[in-house]
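K.L.:
After the structure tokens below, expect a handful of questions from me.
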Amino acid sequence: EETKGKIIGKEGRNIRAFERITGVELLMDDAPDEITISSFDPVRRQIAKATMDELIKDGRIQPAKIEEFFENAKNDINEIIRKKGEDAVHECGIYTLDPRIVAILGRLHFRT
């Protein structure tokens, strides 16, 4: 409950900042220890999840920290996308594919 209070913040400013920065919607039910991240984009959801994990680990939840952790999470997820795409292309034996297509293949990792 204390962590949920920190996530919501004074007058809801932290939760609004998190939703604005990450582009997802946070749903907080009455169930303890449960926060639902809602978005149609699986990559955006994963970035928001990584951001929230780091915020909870750090304990200082404020808009500036949300932006900082969001950028770090975005870079980490983009690196995972690139790596998964390269792995898929290498497994198929294709070595001269446009990097944009490799990135699209890497994004599929978060679809399933």
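K.L.:
Take the residues of segment 37-62 that are modelled with pLDDT under 90 and not aliphatic (A, V, I, L, M): which is most open to solvent (accessible area, probe 1.4 Å)?
P.N.:
So the residue we want is Arg60.
K.L.:
Another question, if that's okay. Just name the residue that is most open to solvent (accessible area, probe 1.4 Å) out of those in segment 68-100 that are of a type in the set (Gly, Ala, Ser) and either in contact with a helix residue (DSSP H, G or I) (Cβ under 6 Å, 6 or more places away or on another chain) or closer than 30 Å to Ala17 by Cα (or both). I'd like the intermediate steps shown before the answer.
P.N.:
Step one: of segment 68-100, the residues of a type in the set (Gly, Ala, Ser) are 73, 85, 88, 93.
Narrowing the set further to residues that are either in contact with a helix residue (DSSP H, G or I) (Cβ under 6 Å, 6 or more places away or on another chain) or closer than 30 Å to Ala17 by Cα (or both) leaves 73, 85, 88.
On the way: Ala73: 7, Gly85: 0, Ala88: 38 Å².
Only one residue tops the list, namely Ala88.
K.L.:
Okay, next question. Does Ile80 fit the bill of being of a type in the set (A, V, I, L, M), outside any helix (DSSP H, G or I) and either modelled with pLDDT under 95 or in contact with a Gly (Cβ under 8 Å, 6 or more places away or on another chain) (or both)? Even if it seems obvious, please write down each step before you answer.
P.N.:
Values: of a type in the set (A, V, I, L, M): yes; outside any helix (DSSP H, G or I): no; either modelled with pLDDT under 95 or in contact with a Gly (Cβ under 8 Å, 6 or more places away or on another chain) (or both): yes.
When the stated conditions are applied, Ile80 does not pass them.
K.L.:
Kindly indicate whether Lys65 is under 24 Å from His109 (Cβ atoms) and charged (D, E, K, R).
P.N.:
Answer is no for this residue.
K.L.:
Could you list all residues from segment 15-71 that are in a helix (DSSP H, G or I), within 20 Å of Glu2 (Cα to Cα) and not hydrophobic (A, V, I, L, M, F, W, C)?
P.N.:
Within segment 15-71, Arg16, Glu19, Lys49, Thr51, Asp53, Glu54, Lys57, Asp58, Pro63, Lys65 qualify.
K.L.:
Of all the residues that make up segment 1-14, how many are among the polar types (S, T, N, Q) and in a loop (DSSP other than H, G, I, E, B)? Working first, answer last.
P.N.:
Within segment 1-14, the first condition is being among the polar types (S, T, N, Q), and the residues that meet it are 3, 14.
Filter once more, keeping what is in a loop (DSSP other than H, G, I, E, B): none.
Summing the residues that are among the polar types (S, T, N, Q) and in a loop (DSSP other than H, G, I, E, B) in segment 1-14 gives 0.
K.L.:
Check segment 4-19 and report whether any residue there is under 25 Å from Val102 (Cα atoms) and either among the charged types (D, E, K, R) or surrounded by 15 or more Cβ atoms within 10 Å (Cβ to Cβ) (or both). Steps first, please.
P.N.:
First pass over segment 4-19, keeping only residues under 25 Å from Val102 (Cα atoms): none.
No, that holds for no residue.
The values are calculated or read from the model by the stated rules, or taken from the named source; none is laboratory data. Owing to the predicted nature of the structure, the values given are computational and were not obtained by experimental measurement. Note that each Cβ is placed from the backbone with ideal geometry, even for glycine, and that neighbours are counted across all protein chains shown. We work out accessible area using only protein heavy atoms, side chains counted, and drop any ligands, DNA or RNA first. Shrake-Rupley method; radii C 1.70, N 1.55, O 1.52, S 1.80 Å.
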